[in-house]
1. What are the residues whose amide H is under 5 Å from the amide H of LYS507, where those residues sit 5 or more places off or on another chain and H is modelled from the backbone?
2. Of the peptides 260-272, 412-424, 614-626, how do they stack up when ordered by the mean number of other Cβ atoms within 10 Å, highest first?
3. Once amide H atoms are placed 1.01 Å from N in the peptide plane, what residues at a sequence separation of 5 or more from LEU355, or on another chain, have their amide H within under 5 Å of its amide H?
4. Rolling a 1.4 angstrom probe over the protein chains, ignoring ligands and nucleic acids, what is the accessible area of HIS577 in square angstrom, nearest 10?
5. Any lysines with Cα under 28 Å of the LYS156 Cα? List them, leaving off those in the same chain fewer than 8 positions away.
6. Output wanted: per-residue J couplings in Hz (rounded whole) for the stretch 603-614, from phi through Karplus 6.51 cos²θ - 1.76 cosθ + 1.60, θ = phi - 60°, x for Gly and Pro.
7. Of the options LEU174, THR238, VAL375, report the single residue whose Cα projects farthest towards the positive end of the charge dipole of the chain (beta-carbon charges: Lys, Arg +1; Asp, Glu -1).
8. Report in % the part of the accessible area of the stretch 207-281 that belongs to carbon and sulfur, leaving out ligands and nucleic acids; probe 1.4 Å.
Amino acid sequence: MAKTWDLDNVRNIGISAHIDSGKTTLTERILFYTGRIHAIHDVRGKDGVGAKMDSMELERERGITIQSAATNVQWKNTTINIIDTPGHVDFTIEVERALRVLDGAVLVLCGVAGVQSQSITVDRQMKRYNVPRIAFVNKLDRQVPTLCVAKMLEEKLHHNTVMMQVPIGIEDNLQGAVDLITMKAWYYSGENGEQIDIKDCPDDMKEECLKWRSELIAKAADFDDVVGEKFLMEEEPTEDELRAAIRKGCLSMNLTPVFCGSAYKNKGVQALLDAVQTYLPNPKEVRNEGLDLKKNEEKVIMRTDDDLPLVALAFKLEEGRYGQLTYFRIYQGKMKKGEFIHNMTDKKKVKIPRLVYMHSDDMEDIEEAHAGDIVALFGVDCASGDTFTDGSVEIAMTSMFVPDAVISLAVEPKEKAKAANFSKAPQKFRKEDPTFRVHRDEESNETIISGMGELHLEVYIERMAREFGVEVKSGAPQVAYRETIGATAPYDYTHKKQTGGSGQFAKTVGKMIPWSPGEGDDESAVYKFQNNVVGGRIPKEYIPAVDKGFQEAMAKGTLIGAPIVGVQMDLDDGAYHDVDSSEMAFRICAIAAFRQAYEKAQPTALEPLMKLEVSAPEEFQGNVMGQINQRRGIISGTQTQEGFVTVTAEVPLSEMFGYSGDLRSATQGKGEFSMEFSRYNPCPRNIQDELVKEYQKKRAEEAK
Ligand code: GDP
C-alpha cells in the first residue's frame, strides 16, 4: 500500500538511554505494537532469539547497542523513523552523527537506578544538537520512586520537567497510568499488553492526580498565552490547549514531559508512542543548516520541501547481507530509484540502484523517498558524513565535530596468513567512524589504530575477529601526547649542500610564536603560517615549500616524538640562489629552521585529560576519591543523593588504564563511571622528564 506522504505526520526520533535502562526492550515493544514484528523476544531471553534491534552478534553478547540503525514504523497515522543511538560515550561520533539527523528523542531513564552519568553525557550531546526530548521512566514494576526520578531530571539534567502521568499501582501490581491531561486511567492487559482499557481516574487517586494536574497547568501556562491567561483567571484550559502549550515548551527545549511505565511488563508503551506523535517535532519544525560550497561555505537554511533540489546526508554505513547499506537523511528534495545523485565530497555521480525503508533486519523496497525522510540505499560507495545532492546545487551538511584521538594501540594479526583481511578491516571501520583511525608507523613498522578510549578500540578488535576472522594481538595502549611551545624563539637557518653537479641552497629567517585559534580561524587548527617576506627575497614559488616544511616538522616533535600543536611560524626574510635553490631545498631548510627555533621555544609535553564521573554507594566515597587522587585526578564536585555519591573529576588518561577493574574492587562491584575527553594540558615536570627519557631511549635503540 502506497503511503501518502504528509510531513506533519513524520517523526524522526532517537531513543537514548543509559545501558540497561531498557532501551532494547522498549524498542522491541514499539516494533511489536506498530506491527513490525509479530512476537516479543526478550533481551537475553530464554528463547535465545534476542531482541530484534540487536542485529550484531557482538551486541547480543554484550547486551549493549553499539551500531545505530534506523527503523521505520507506522503508529496510527504517523510514520516514525527510529534512529538507534548508541549509549556508550566511547562512541561519541556515532552518537553525535545519529543526533544530527534526528528531530526529537525519547530519553529512557531507569526508574530503579535513576539518572546516571551516561544519561547526562548523552543529554548534553542532545542539547548541543538542539534535540527536543520527552522522558520515559522505565521499570516501574520494580520498587521505584517515579517522582524522585522526575526530580532528579530537574536537578541533575537541569530540565524543567512536567509529569504527564501518575502510575497506577506499584511493583508487581503496576497496571498502567492516569493521563493527567484527560484524567483518564489507562489499564494495560493481555499477554503482551495490547489490550488497553481507558476508564475514569480511580477515586482513591483523584486527589493526588488533581494536584499533579494543577502543576501541569501551571507549567504549561509559561509557554502559551491562551493557557497563561486562563491560568491567571483560574479558568480550565481545554485538553487541546494544554497539549499545544506543552508541545511548545517541548519544542523550545524548555520543558521535558515525563511519561512512565514498564517496557518489560508491557505497560505504557502505547501512550508513549502517542506522546511521540503529540509532543515531538515533525521535520518541518526543525531548523537545519547546510554549507553552500559555491559561496565559501556560507550557511544556507534547508527547507523540508520535495520541490527543492535534493540534499541528503549519508549518516550511517552498515555491512549487510547484500553489501554496503547506506542510511540517508533527506533534508530537502526527493530521492528516486534509478536517478543520479552527486557526492559532494568526491564529486562523483552515482545511480540509485535500490531504495528501501529499513526495519532492523528486514526491508521494504520503495520507489521514492521525500524531504524529511530517513531511507537506506544499496550499492552506494561513500563514507558516512558525505552529503549528496541532485547535482544542481553544491551544498554540504555542516561538518561534524570530530574529536582528536586520545589513545592508540599497535596491532598485528596472530596468523600471518590473515594479513589481507587484517588490512581490510580497519579501512572499513574508518569509513564508518572517523574517530577510529589507522596508520602505519614507518619507524617501528607497526600498524597503529587510535580512537576515543580503551573500549572503543577493544570493540573494533573484537569486530575484526568476528567479521573478518582475524585474531589480533595488541600492544599496550599508548596515550596520544602532544607537544607545544611556551615562548617565542627566532630562527635563522641556511641550508647549503654542494654535491657533484647541482647543489642545494635556501635560507629562511623568522620566528616561532605560541598560537591558538582566534576569531575566524578553524577551531581545530593547530598551526598558522605568516608570510612577511617582501621584495622577492624569497621568490613566491618557494613560499609554499617553506610552509610545507614547517608542517612536516610539526608532525613529530623532537621532545617526545609527539605531534606539535599551537604554533605560529612567521617567515620574515631569507635568501636564494638562482641555480641551486629549489622547492626541495626550501622545504628541507624549513624543517631544520623549525627545529632550531623549537629547542629555544620552551617545548612542553601535553597530555589528554578526561572528564570522569563516578557514582557509587555513599559508603565507598572515600575509596573512590582516594583512587582518583592516586591517579593525579582533580576532583571538581561531589554530590550525594539517596545513598549514592557522584564524583566528577578531571584525570589524565595515562593514569586510567585498568580503572574499571580497580573501581569494581574498591566498590564491591557497585561503582560505575563514564569518561570522555576533556582537553589537553601540560604534563607535570616529572612526567615530562620520564617521557623525554623514554623517547631518547627509543631513538637510541632505533639508531643502533
Ligand atoms: P538496554 O541496555 O538499555 O538496551 O536495556 P535492555 O532492554 O537490554 O534491558 C536491560 C535489562 O533490564 C534486561 O534484563 C531487561 O529484561 C530489563 N528490563 C527492561 N525493561 C524493564 C522493565 O520495565 N522492568 C524490569 N523489571 N526490567 C526491565
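1. Residues meeting the amide H criterion: HIS495, ALA575.
2. Working: 260-272: 24.9, 412-424: 13.8, 614-626: 18.2.
Going from most to least packed, we get 260-272, 614-626, 412-424.
3. For LEU355, the qualifying residues are ILE366.
4. 80
5. Counting by Cα, and skipping residues close in sequence, LYS156 has these lysines nearby: LYS23, LYS127, LYS139, LYS211, LYS219, LYS248, LYS265, LYS267, LYS611, LYS670.
6. x, 9, 8, 10, 10, x, 9, 10, 8, 10, 10, 10
7. Sorting the options by dipole projection puts first VAL375.
8. On the way: 1710 of 3360 Å².
Carbon and sulfur atoms account for 51 percent of the accessible area of the stretch 207-281.
The values are calculated or read from the model by the stated rules, or taken from the named source; none is laboratory data. As the structure is a prediction and not an experimental result, all values here were calculated from the model. No Cβ is skipped: glycine too gets one built from the backbone with ideal geometry, and neighbour counts run over all protein chains shown. Please note that ligands, DNA and RNA were not included when accessible areas were found on the heavy atoms of the full protein model with its side chains. Shrake-Rupley method; radii C 1.70, N 1.55, O 1.52, S 1.80 Å.
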